[in-house]
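Student: Sharing a structure with you now.
The values are calculated or read from the model by the stated rules, or taken from the named source; none is laboratory data. As the structure is a computational prediction, the values presented were derived from the model and not from experiment. Glycine also receives a Cβ, built like all others from the backbone with ideal geometry; neighbour counts cover every protein chain displayed.
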Amino acid sequence: MKDKPGEDHKYVFGGMLTDHMLHCDYDRMNGGWQAPRITPIEDFELDPSNATLHYSIECFEGAKAYLKHDDPETALAFRLDKNFERMN
């Protein structure tokens with residue numbers, strides 16, 4: 001298990017991962033979503049033709065995020081409305 005960060009830890013977006021992950025399987029023949037479970041983090045496999053690999057990237061194509069010049073701890077998003085329009 002990873003050590004807990006100290007009280008003075010500075011959190012940054014995407015800078016820390018947990019050592020566990022959530023699993024929730026879908027089974028059409030067995031009632032849909034199955035009971036969720038939390039397990040230690042591990043690798044998982046996706047078929048290369050899985051549409052989420054394509055569309056998840058496309059959702060953010062052209063989107064921008066910048067750190068604010070006078071406040072580098074604040075991120076500003078740019079053009080998310082255009083991405084939303086395109087995905088619709």
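Student: Out of the residues in segment 25-50 meeting the condition of being part of a loop (DSSP other than H, G, I, E, B), among the hydrophobic types (A, V, I, L, M, F, W, C) and loosely packed, with under 10 Cβ neighbours inside 10 Å, tell me which one is modelled with the highest pLDDT.
Tutor: Among those residues, the one meeting the criterion is A35.
Student: Here is a follow-up. Anything in segment 10-24 that is loosely packed, with under 10 Cβ neighbours inside 10 Å and either small (G, A, S) or within 14 Å of E42 (Cα to Cα) (or both)? List them, or say none.
Tutor: Within segment 10-24, G14, G15, L17, D19, L22 qualify.
Student: For the structure I just gave you, tell me whether E7 is among the acidic types (D, E), at negative phi, in contact with a strand residue (DSSP E or B) (Cβ under 8 Å, 6 or more places away or on another chain) and part of a loop (DSSP other than H, G, I, E, B).
Tutor: Considered against the rule, which asks whether it is among the acidic types (D, E), at negative phi, in contact with a strand residue (DSSP E or B) (Cβ under 8 Å, 6 or more places away or on another chain) and part of a loop (DSSP other than H, G, I, E, B), E7 comes out as no.
Student: Can you name the condition, by its number, that E58 falls short on among (1) surrounded by 10 or more Cβ atoms within 10 Å (Cβ to Cβ); (2) among the charged types (D, E, K, R); (3) part of a loop (DSSP other than H, G, I, E, B)?
Tutor: Here E58 clears every test but (3).
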